[in-house]
1. So, of the residues in region 8-23 that are assigned to a helix (DSSP H, G or I) and open to solvent by less than 70 Å² (accessible area, probe 1.4 Å), which turns out to be nearest to the ligand (Cβ to nearest atom)?
2. With the condition being in contact (Cβ under 8 Å) with a residue 60 or more places away in the chain, I'd like the strands (runs of 3 or more DSSP E) fully within region 59-158 carrying at least 1 qualifying residues.
3. Within region 165-178, is even one residue outside any loop (DSSP other than H, G, I, E, B), within 27 Å of VAL214 (Cα to Cα) and at pLDDT below 95?
4. What's the total number of residues in region 336-346 that are open to solvent by 30 Å² or more (accessible area, probe 1.4 Å) and touching a Lys or Arg at 6+ places or on another chain (Cβ under 8 Å)?
5. Among the candidates ARG33, ARG26, which residue alone is open to solvent by 60 Å² or more (accessible area, probe 1.4 Å) and more than 16 Å from the ligand (Cβ to nearest atom)?
6. If we scan region 129-143, do we find a residue that is within 16 Å of the ligand (Cβ to nearest atom), open to solvent by 10 Å² or more (accessible area, probe 1.4 Å) and aromatic (Phe, Trp, Tyr)?
7. Checking the condition under 21 Å from the mean Cα position of the chain (by Cα) and over 30 Å from MET273 (Cβ atoms), which residue from THR178, THR118 passes?
8. Tell me the residue from PRO197, PRO217 that is surrounded by fewer than 23 Cβ atoms within 10 Å (Cβ to Cβ), within 16 Å of the ligand (Cβ to nearest atom) and outside any strand (DSSP E or B), please.
Amino acid sequence: MNITRSQELFNHACTLMPGGVNSPVRAFNAVGRNPLFIDHAKGDRITDVDGNEFIDYVCSWGPGILGHAYPRVIEAVQRACTDGLTYGAPTAKESQLAEIIISKVPGVEMVRLVNSGTEAVMSAVRAARGYTGRDLIIKFTGCYHGHSDGLLVKSGSGLITNAIPDSAGVPKAYTDCTLVARYNDADSVRELFERYPDRIAALVVEPVAANMGVVPPKEGFLEFLRQITQDNGTVLIFDEVITGFRLGISGAAGYYNIMPDMVTMGKIIGGGMPLAAYGGKKDIMKTVSPIGSVYQAGTLSGNPIAVTAGLETLHALLEDESIYDRIDKKAAKIETALKSTGKVVVNRVGSLLSAFFTDNEVVDYDTAATSDTAAYAQYFGYMLENGIYIAPSQFEAMFVSDAHSEEDIQKTVEVIKAYK
Ligand code: KE4
């Protein structure tokens with residue numbers, strides 16, 4: 001495969017930006033290759049600057065549920081641009097998007113639009129702390145909630161884990177209020193509530209984990225989290241930046257029939273543009289400035305172009321909810337093909353799936369970490385050479401969109417089955 005132009009662009013980009021990229025996973029370090037520079041994308045296809053075309057299962061890490069350059073979205077964005085790109089003032093469109101989110105996302109009675117998932121989770125945690133007057137939060141090893149300081153943590157030593165920074169530049173003090181539990185392990189959560197009674201402001205969780213690869217909640221785990229947070233006056237935050245409008249119109253909360261206290265969203269609600277949101281019960285959201293004492297702001301929050309892309313995307317999903325059944329069935333075909341290789345364990349929830357190069361059932365970070373990342377890197381290279389673009393990391397997800405044609409799904413199945 002000729003990647004000359006990508007190589008040239010990468011070499012130059014590395015002199016300008018850390019690792020030549022604007023987000024680390026894009027650097028392909030985990031798969032031991034240099035990244036491809038993309039020229040354009042349409043439907044389920046992405047084309048690099050050397051003219052290599054691939055069936056795309058990264059889908060920009062989730063936003064692309066309708067496929068790339070979806071005509072209805074593009075046309076709406078083009079029209080909106082002629083009215084100006086940003087005003088720094090409220091617009092009716094923001095209320096229209098907020099209305100959809102409030103009407104479809106369980107637990108959200110009021111919402112604030114922001115620019116990224118990181119900002120959404122950081123702000124939701126701040127609101128939960130302002131609302132409860134408490135400082136401690138719980139997160140789970142292997143779950144990722146963006147790069148705000150207090151959430152860039154890993155479990156410390158010892159059984160009851162206070163967090164320690166998982167990044168240089170994060171002062172220890174910034175992580176002292178973060179506690180870490182094990183995903184799908186109720187006892188690890190119970191221990192923290194017993195050790196810190198009446199001190200835990202929020203528990204933030206990916207209702208389906210997708211940042212250690214896809215790891216579904218065990219039967220009863222989300223119900224347990226709902227009950228123990230309710231019993232302790234702790235705000236339950238569902239981080240649905242990936243699962244929001246992905247697992248269904250009502251996301252994971254609807255899929256599992258759980259009512260969280262707050263929800264963070266991103267990716268799909270922006271239709272591929274920088275837009276995210278956090279929302280929740282009115283009592284909690286009323287703590288947010290300018291009506292409350294929890295400060296949060298943003299120059300481009302609710303940007304009219306991003307809101308236009310998000311609105312058109314959500315309208316398309318609302319007008320044809322059968323999309324979810326279609327993408328579920330397509331993903332199931334890929335799951336079956338992956339399992340037939342006998343090389344991987346597959347976790348799938350709807351159109352979200354991961355193939356782990358391990359023999360263990362993957363139910364949390366520790367079991368995900370038993371995966372052979374070198375084997376994944378080899379598989380990644382095989383798929384790329386055969387025209388299929390998947391996540392350049394064992395610990396990310398495959399995303400299936402409505403634009404993935406039956407022919408391309410079949411081609412993907414055949415390439416996977418031929419993998420030796
Ligand atoms: P952003 O700040 O990247 O918009 O969102 C952070 C975030 C928050 N919560 C969840 C559950 C997320 O998955 C993310 C971001 N997801 C990664 C992919 N696993 C984004 C890709 C990247 O970092 O480049």
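1. GLY19
2. Passing ranges, in order: 110-114, 136-140.
3. yes
4. Counting residues in region 336-346 that are open to solvent by 30 Å² or more (accessible area, probe 1.4 Å) and touching a Lys or Arg at 6+ places or on another chain (Cβ under 8 Å) gives 2.
5. ARG33
6. no
7. Residue meeting the stated conditions: THR178.
8. Unique residue meeting the criteria: PRO217.
The values are calculated or read from the model by the stated rules, or taken from the named source; none is laboratory data. All of these numbers come straight from a predicted model, not from anything done at the bench. Note that each Cβ is placed from the backbone with ideal geometry, even for glycine, and that neighbours are counted across all protein chains shown. Quick note on the areas: whole protein, heavy atoms, side chains included, nothing else; ligands and nucleic acids left out. Shrake-Rupley method; radii C 1.70, N 1.55, O 1.52, S 1.80 Å.
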